[in-house]
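The values are calculated or read from the model by the stated rules, or taken from the named source; none is laboratory data. Keep in mind that what you see is a predicted model, and the values were worked out from it rather than measured. Using ideal geometry, Cβ is built from the backbone for each residue, glycine included, and neighbour counts are taken over all protein chains shown.
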Amino acid sequence: MTLASSRRGLLAGAATLAAGPARAQAPADASRQPIRLIVTAAAGGSTDVVARIVAPGMSEALGGRSVVVENRGGGGGVIGAEAVANAAPDGSTLGFFTVTAGVLNALLHKNLRFETQRAFAPVSLVITMPMLLTVGNHVPARNLQEFVAWMKTRPGRTTYGSSGPGSINHLGAVMLCNRSGTQAEHIPFRGAGPVFASMMAGDTDFLIEGIASQAPFVQQGSIRAIAVTSPERSPLLPDVPTVIEQGIPGFEILNWMGVFAPVATPAPIIQRLEAATQAAVRDPSGSRRLRETGVEPAGSGAAELRQFWEGQFRLWGPIAAESGVTLD
């Protein structure tokens, strides 16, 4: 080996050693990596649509850092949530959860490989989505009092549809029966679409589902709206009163979507992500687009989401237990 080649080797080795610590530190903050926003549902649904409205605004608020929506559907949200739970807590992986992935699965699955309330750190509540109680046109009731009275004349013979056992449609109907002193039979379907068809055919009596998907059928006269399950009326169907207005105090069912991070994510990273999500949701253009999908923008802080999240466990825990459903 010549002196020149030996010197080149030493310089190369020194450069490698100098670069080594920098490369080792890069994954620690992951500040230049794209952020994976894992949506626990398939592409094309309402959860995916909302996530894709919010992601560009988050990217802009983070100085152009890419926020990439990644659909990890399957298992009712369990697969995507587990991917977030097992991700590095460096801000490069976030979960975009609904009430199902964020609450109901924890109450209904007995063998999850993560403990939901200890696996995730709240970042921001993005939107809430009012639910709507509708009936088929064969049902004679025009309001909630009439509907409850009709159900009581046929205990256990009234039927309701859902997108599956343990879904918010299913548990929402359990809550309604519980609070109104009625009984009804659960008929699970593969999604809300087939329930609409069954209601129109006169084979299924009622459904509790998101207002955005039901409003067109109500406006066409194909099904009849009885009550909104949010605390206030919805601008989509402003003439439809709430359940609370019609005599059941404190009755509130909201679907929702929020951003969560792996639980050990450092507070400064959570704060940056919280601010970015809030900026995306509160931006006038983003907020308008969200409302056009039938949801209500929230853009909460992390502490507000934590309080809301804990309240959702208190709300749905007894209902899930009463339903008797287990999904393992």
Exercise. Looking at Glu115, Glu82, which one is of a type in the set (Asp, Glu), touching a helix residue (DSSP H, G or I) at 6+ places or on another chain (Cβ under 9 Å) and more than 28 Å from Asn178 (Cβ to Cβ)?
Worked result: Glu82
For this session: Give me a count of the residues in segment 44-73 that are over 21 Å from Ala279 (Cα atoms) and either under 14 Å from the mean Cα position of the chain (by Cα) or part of a helix (DSSP H, G or I) (or both).
Result: 4
Exercise. Do you know which residues across segment 98-134 are of a type in the set (D, E, K, R) and assigned to a loop (DSSP other than H, G, I, E, B)?
Worked result: Lys110, Arg113, Glu115
Seminar exercise, completed: Inside segment 73-98, the number of residues satisfying the requirement of being farther than 16 Å from Ala42 by Cβ, surrounded by fewer than 16 Cβ atoms within 10 Å (Cβ to Cβ) and not hydrophobic (A, V, I, L, M, F, W, C) is 1
For this session: Examine segment 280-288 for a residue that is in a loop (DSSP other than H, G, I, E, B) and within 30 Å of Ser92 (Cα to Cα), and state whether such a residue exists.
Result: yes
Exercise. Within the set of pairs 6+ apart or on separate chains, which have a first residue in segment 174-190 that is in contact (Cβ under 8 Å) with a residue 40 or more places away in the chain, a second that is assigned to a helix (DSSP H, G or I) and among the charged types (D, E, K, R), and C-beta atoms under 8 Å apart?
Worked result: Val174/Glu322; Asn178/Glu322
Seminar exercise, completed: Going through (1) more than 19 Å from Met175 (Cβ to Cβ); (2) touching a Phe, Trp or Tyr at 6+ places or on another chain (Cβ under 7 Å); (3) in a helix (DSSP H, G or I) one by one, Gly258 fails only at (3)
For this session: Determine, yes or no, whether Val103 is over 21 Å from Gln271 (Cβ atoms), at pLDDT 95 or above, surrounded by fewer than 23 Cβ atoms within 10 Å (Cβ to Cβ) and of a type in the set (Val, Ile, Thr).
Result: no
For this session: Please verify whether segment 236-258 includes one or more residues that are at pLDDT below 95, in contact with a Gly (Cβ under 9 Å, 6 or more places away or on another chain), farther than 24 Å from Phe313 by Cβ and buried (at least 17 other Cβ atoms within 10 Å of the Cβ).
Result: yes
Problem set entry | Test result for Gly210, crowded, with 16+ Cβ neighbours inside 10 Å and within 13 Å of Leu133 (Cα to Cα) | yes
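Residue by residue, here is whether (1) closer than 30 Å to Val54 by Cβ; (2) more than 20 Å from the chain's Cα centre (by Cα) holds:
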{"site": "Pro130", "(1), (2)": "yes, no"}
{"site": "Thr134", "(1), (2)": "yes, yes"}
{"site": "Val139", "(1), (2)": "no, yes"}
{"site": "Glu146", "(1), (2)": "no, yes"}
{"site": "Thr153", "(1), (2)": "no, yes"}
{"site": "Thr159", "(1), (2)": "no, yes"}
{"site": "Ser167", "(1), (2)": "yes, no"}
For this session: Quick one: count up the residues across segment 295-324 that are crowded, with 21+ Cβ neighbours inside 10 Å and either in contact with an Asp or Glu (Cβ under 8 Å, 6 or more places away or on another chain) or assigned to a loop (DSSP other than H, G, I, E, B) (or both).
Result: 5
